Amino acid sequence: MKISLKLAAVALALGLSSPALSQASAPRTGNPAPTAAVPASPQQSLPAAPKSEPLPPPPSAISDPEVATVGDEPPSNAQVAQATVASRTMPTPGIGQPDGRFGFQDQVTPIGEEAAWFHNVILMPLITAISLLVLVLLLWVVVRYRRSANPVPSRTSHNTLIEVLWTLVPVLILVAIAVPSIRLLANQYSPPKADLTVKVVGNQWYWTYQYPDNGDFEVVSNAISDADADKRGEPRQLAVDERMVVPAGATVKLIVTSADVLHSWGVPAFWVKMDAVPGRLNETWFKTDRPGLYYGVCFELCGARHGYMPVAVEVLPPAQFAAWVRSKGGTLPSERRPTSSEATVNSSISNPGAATPTAGSGATETTPDLGDNRIIDVTTGAPASSQGATNSRRGGSQ
């Protein structure tokens, strides 16, 4: 009984002391707290949630390195290079590559479309008509003038009507072919003003592409193995490690040459094929408005690995092309004046308004003003291209 009374007294003492302890633990203010305080509402008892700021997107969410920025800071060159490699253009089935069809590939340039029209509308109907006419004449002669049907052959030596026909008809055929053919040649060898110049150099057995308009950097293009091409989803013996990249909608002038033996650079979808001759600069051009990936090969037997120097041209929108140029360490014409004499803006042919330096004249638009010191120490400056770099992948084993 005594133990029960003691436990009841302890419980009563603890129950009475809990509110007192809670009041004692509260901070004291200038006015004493009221004895009967009204409990606060749930909204007042919860602390205010801080404003959440937007989190930076994860690396996988950055799709375009040129426009993806965190805050006001532009992306770094590493981000641009990584995103450019990750977003490689994939080939389109049936476009820019052989697919087993009977005929030419789909043309994506104005010259290619005109040449395809000339072939399909002019040449093929004429060839078909001439072949059928000759076949009918042969069959008619075999049947009509065989020995059993014509035991006494005719001895006619001249026929005015036949001689006029076999002279006049071939002339009309040649005129029908010559008019669109000469127009096609004139358009092909009278290119418009170039927007970009790329120097193509054939080597045993790879290609190099130089960009004099964009800082004169160089891209070395080697074929990759069939296993690597299959991983990328590209056709075998056509995929390369470094592609030639050009902007869509730009007139691209190609200066084609060779460093060793005869090569021939060509892309069937562009209707472009130009021989690469050592010591000679050949020129051609193309323009396409369709972004994509287009393949070609070396069309000249150039040695043991002739079949392993393919051509891959990647056509990108201008914004992506600018990002690719920056990722390669190059510059845009608006950012830096080109220093190479092969740049498009320095060509008197493609750009008649370009200033050319003359003897005794001062600095012009294309020659910097050096002041009194006109001697340039070329031994201390960095090379304009990586042609002589020790880490070049030229001719690397496949």
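The values are calculated or read from the model by the stated rules, or taken from the named source; none is laboratory data. Just so you know, these numbers come straight off a predicted model, no measurement behind them. A quick note on method: Cβ atoms are made from the backbone with ideal geometry, for glycine too, and the neighbour counts reach across all protein chains shown. These area figures cover heavy atoms from the full protein model, side chains too; ligands, DNA and RNA do not enter into them. Shrake-Rupley method; radii C 1.70, N 1.55, O 1.52, S 1.80 Å.
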>> Condition first: of a type in the set (Val, Ile, Thr), surrounded by 10 or more Cβ atoms within 10 Å (Cβ to Cβ) and without any contact (Cβ under 8 Å) to a residue 40 or more places away in the chain. Now tell me which residues in segment 169-189 satisfy that.
In response: 169, 179, 182
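When you look at residue 288, is it surrounded by 21 or more Cβ atoms within 10 Å (Cβ to Cβ), in contact (Cβ under 8 Å) with a residue 40 or more places away in the chain and of a type outside the set (A, V, I, L, M, F, W, C), yes or no? Give the steps one after another, and end with the answer.
Values: surrounded by 21 or more Cβ atoms within 10 Å (Cβ to Cβ): yes; in contact (Cβ under 8 Å) with a residue 40 or more places away in the chain: yes; of a type outside the set (A, V, I, L, M, F, W, C): yes.
Yes, satisfied.
Among the residues that make up segment 122-136, is at least one of them surrounded by 10 or more Cβ atoms within 10 Å (Cβ to Cβ), touching a residue at least 24 places away in the same chain (Cβ under 8 Å), touching a Pro at 6+ places or on another chain (Cβ under 6 Å) and closer than 30 Å to residue 244 by Cα?
Within segment 122-136, the first condition is being surrounded by 10 or more Cβ atoms within 10 Å (Cβ to Cβ), and the residues that meet it are 122-136.
Narrowing further to those that are touching a residue at least 24 places away in the same chain (Cβ under 8 Å): 122-123, 126, 130.
With the extra rule that they be touching a Pro at 6+ places or on another chain (Cβ under 6 Å), the set shrinks to 122.
With the extra rule that they be closer than 30 Å to residue 244 by Cα, the set shrinks to none.
No, segment 122-136 contains no residue that is surrounded by 10 or more Cβ atoms within 10 Å (Cβ to Cβ), touching a residue at least 24 places away in the same chain (Cβ under 8 Å), touching a Pro at 6+ places or on another chain (Cβ under 6 Å) and closer than 30 Å to residue 244 by Cα.
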> When both residues are 6+ apart or on different chains and their Cβ atoms are under 7 Å apart, which pairs have a first residue that lies in segment 315-329 and is open to solvent by less than 20 Å² (accessible area, probe 1.4 Å), and a second that is in a helix (DSSP H, G or I) and hydrophobic (A, V, I, L, M, F, W, C)?
Replying inline: 316/324; 323/80
>> Just the residues that are buried (at least 17 other Cβ atoms within 10 Å of the Cβ) and more than 13 Å from residue 183 (Cβ to Cβ), please, taken from segment 102-115.
In response: 105, 106, 107, 108, 109, 112
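Can we say residue 139 is assigned to a helix (DSSP H, G or I), without any contact (Cβ under 8 Å) to a residue 24 or more places away in the chain and out of contact with any His (no Cβ under 7 Å at 6 or more places or on another chain)? Even if it seems obvious, please write down each step before you answer.
On the way: assigned to a helix (DSSP H, G or I): yes; without any contact (Cβ under 8 Å) to a residue 24 or more places away in the chain: yes; out of contact with any His (no Cβ under 7 Å at 6 or more places or on another chain): yes.
Judged against the criteria, residue 139 is a match.
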> Conditions: (1) out of contact with any helix residue (DSSP H, G or I) (no Cβ under 7 Å at 6 or more places or on another chain); (2) more than 23 Å from residue 193 (Cβ to Cβ); (3) modelled with pLDDT of 50 or more. Residue 326 meets all but one. Number of the miss?
Replying inline: (1)
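The rows are residues; the columns are (1) in contact (Cβ under 8 Å) with a residue 24 or more places away in the chain; (2) closer than 15 Å to residue 315 by Cα; (3) not in a loop (DSSP other than H, G, I, E, B).
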residue	(1), (2), (3)
200	yes, no, yes
218	yes, no, yes
235	yes, no, no
249	yes, yes, no
254	yes, yes, yes
257	yes, no, yes
260	yes, no, no
>> Conditions first: (1) under 13 Å from the mean Cα position of the chain (by Cα); (2) under 16 Å from residue 96 (Cβ atoms). Residue 198 passes all but one, so which condition is the exception?
In response: (2)
> What is the one condition in (1) part of a helix (DSSP H, G or I); (2) at pLDDT below 90 that residue 150 does not satisfy?
Replying inline: (1)
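Please verify whether residue 245 is assigned to a strand (DSSP E or B) and open to solvent by 10 Å² or more (accessible area, probe 1.4 Å), treating the condition exactly as stated.
Judged against the criteria, residue 245 is not a match.
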> Is it true that residue 297 is open to solvent by less than 40 Å² (accessible area, probe 1.4 Å) and assigned to a strand (DSSP E or B)?
Replying inline: no
